[in-house]
2 protein chains.
Amino acid sequence: MANSDPVYLRVVEDLRRQIVDGTLPPGAPIPSRHQITRKYSVGETAARHALRVLAQEGLIVGRVGSGHRVREKPTLLPSYRSRVPEPHTPFAMDMQANGRQPSWNWRSELAEAPPEIAQRLQLSQWSPVIRIRFVFRGDGKPMQLATSYELIEFGQSQSPEEGTAERRSTVSRMAANGTKITEISESVHVRVPQPTESDLLELPTGVQVLHVERTHWAAERPVETSDIVIPGDKFRLVYGIPVSL
Amino acid sequence: MANSDPVYLRVVEDLRRQIVDGTLPPGAPIPSRHQITRKYSVGETAARHALRVLAQEGLIVGRVGSGHRVREKPTLLPSYRSRVPEPHTPFAMDMQANGRQPSWNWRSELAEAPPEIAQRLQLSQWSPVIRIRFVFRGDGKPMQLATSYELIEFGQSQSPEEGTAERRSTVSRMAANGTKITEISESVHVRVPQPTESDLLELPTGVQVLHVERTHWAAERPVETSDIVIPGDKFRLVYGIPVSL
DNA sequence: GAAGCTCGCCTGTGGCTCCAACTTTGCCCG
DNA sequence: CGGGCAAAGTTGGAGCCACAGGCGAGCTTC
């Protein structure tokens, strides 16, 4: 079975086993390419490949000059998704709950709803909507991205604007507006970050992102929908599911 | 800028651009290693590396003999997490909603709660609990894993048992029992699958998993908690967040 | 004893080659 | 004219080598 398997897998599996069972604790040095070639009697290519795979899996990190080490377990900040966000976005509330200084900036502009967004807002394709792009930071470091689409009739302004940290949550803005948000729905999946996202979020290779599609509903109609990109190595999402009595 | 960048990145970026902007639609063939070496004037190593990176990102898939193609967009099955699961687990309900035949098997036994589980159940470490392991299948193929921990006073039996597809959801079992579940909480994060998980779920390399920690509460006390492992390439989790009027 | 520098180790990148296994295609022969 | 087979093309695995540049241990020098 494991006989005809590729050679590099033998190395990967052995090292992985040692990492997950704690023989190699977080921070411990991983044998170098040369050491692997000797220890496992494999070529340099296989050694390199094995290290790449483990790095790709997020189990080890390599630094030029000082070798590979077992990745330290990141502490995942909770993001409480079930709390209705007021006065600010969930992100700002999470950061405050976690004792970090939240800051963010945004840019709004008029745009045409691409097919998927149009569907989520129950509009026809390429209808005009207001698009707002956010970059959220915690203690100055970029931590989440979001792109929000609002129906034009609810947006305050149709001309491009931008700002920092003073935009309020959709829920409270709508409330001030006379529109009561009655439900929020979120759909969560995992994906590989796009290059611009890796860039903006300063993601190490191998880290995937949680993609949250969030829609605000008022009276059975969607009024706003957003795509939120959350680094998988920094956050966990916490939901409460009420059970009606 | 892009001048001193590694050569293979030029290839990756060009192909990626063509894929994301639709020049190369899903299913379209990607140039072979030899074609890449010629077209971009790079060595074969760089060409191969570029293809590996794109495959790793999930944008293309390679098949021995017939080349690489742009990956078809996988359809992610929705998993409706907010619905209170009766009479069966969320998984079974999702499969039915998606028109697939659900099946599962489980094994229960007495175990000692490891620190993290003990904390989630508000017990002291290594307290006796009932541990139940599930493998969930859709149309016969393994799709989700779960490990559940129940307080002994609520479990029906303390001796090891196993079964197939007849175990009811915690909510309905507790109800039959006189204990009303009042809330369910879930915490979602992403992680790399452990080898046994990759094995059981038959995951391709590079696919990460959604790890859901789910806890059932009755009268402000946790009565059951489970770890659910969900392949990131097969499911998206859907939550509804009620906004109280 | 402390400060600074040198040299060796390690990673990341990249080039070249060979081989096994598999797919596709097109040609040849019946 | 059609079916089957062989050749060409492709991926994935594997080996070897080279080189730039970061990092750090340890030696040298002040």
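The values are calculated or read from the model by the stated rules, or taken from the named source; none is laboratory data. All of these numbers come straight from a predicted model, not from anything done at the bench. In this analysis, Cβ positions are derived from the backbone assuming ideal geometry, glycine residues included, and neighbour counts consider all displayed protein chains.
Here is how the numbers come out for the structure above:
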{"quantity": "Qualifying residues in the range A:140-164 (those that are touching a residue at least 40 places away in the same chain (Cβ under 8 Å) and of a type in the set (Asp, Glu)) - the one surrounded by the fewest Cβ atoms within 10 Å (Cβ to Cβ)", "calculated": "A:Glu162"}
{"quantity": "Pair list, Cβ < 6 Å and 6+ apart or interchain, from the range A:53-76 residues that are surrounded by fewer than 18 Cβ atoms within 10 Å (Cβ to Cβ) to residues that are hydroxyl-bearing (Ser, Thr, Tyr) and not in a strand (DSSP E or B)", "calculated": "A:Gly67/A:Ser32"}
{"quantity": "Which numbered condition B:Tyr40 misses (of (1) touching an Asp or Glu at 6+ places or on another chain (Cβ under 9 Å); (2) in the same structural domain as B:Lys180 (by TED's automatic domain parsing))", "calculated": "(2)"}
{"quantity": "Residue in the range A:112-131 that is surrounded by the most Cβ atoms within 10 Å (Cβ to Cβ), counting only those that are under 9 Å from A:Tyr149 (Cα atoms) and touching a helix residue (DSSP H, G or I) at 6+ places or on another chain (Cβ under 9 Å)", "calculated": "A:Val129"}
{"quantity": "Residue in the range A:60-74 that is at pLDDT below 90, within 12 Å of chain B (Cβ to nearest Cβ) and touching an Asp or Glu at 6+ places or on another chain (Cβ under 8 Å) present", "calculated": "yes"}
{"quantity": "Number of positions in the range A:1-57 that are within 27 Å of the chain's Cα centre (by Cα) and assigned to a loop (DSSP other than H, G, I, E, B)", "calculated": "4"}
{"quantity": "Residue check, A:Arg17 charged (D, E, K, R), within 11 Å of DNA strand D (Cβ to nearest atom) and not assigned by TED's automatic domain parsing to the domain that holds A:Gly206", "calculated": "no"}
{"quantity": "Strands (runs of 3 or more DSSP E) fully within the range A:182-245 counting 2 or more residues that are among the aliphatic types (A, V, I, L, M), within 11 Å of chain B (Cβ to nearest Cβ) and free of Cβ contacts under 8 Å to residues at least 40 places away in the same chain", "calculated": "A:209-218"}
{"quantity": "Flag if A:Val12 is crowded, with 18+ Cβ neighbours inside 10 Å, within 10 Å of chain B (Cβ to nearest Cβ) and within 16 Å of DNA strand C (Cβ to nearest atom)", "calculated": "yes"}
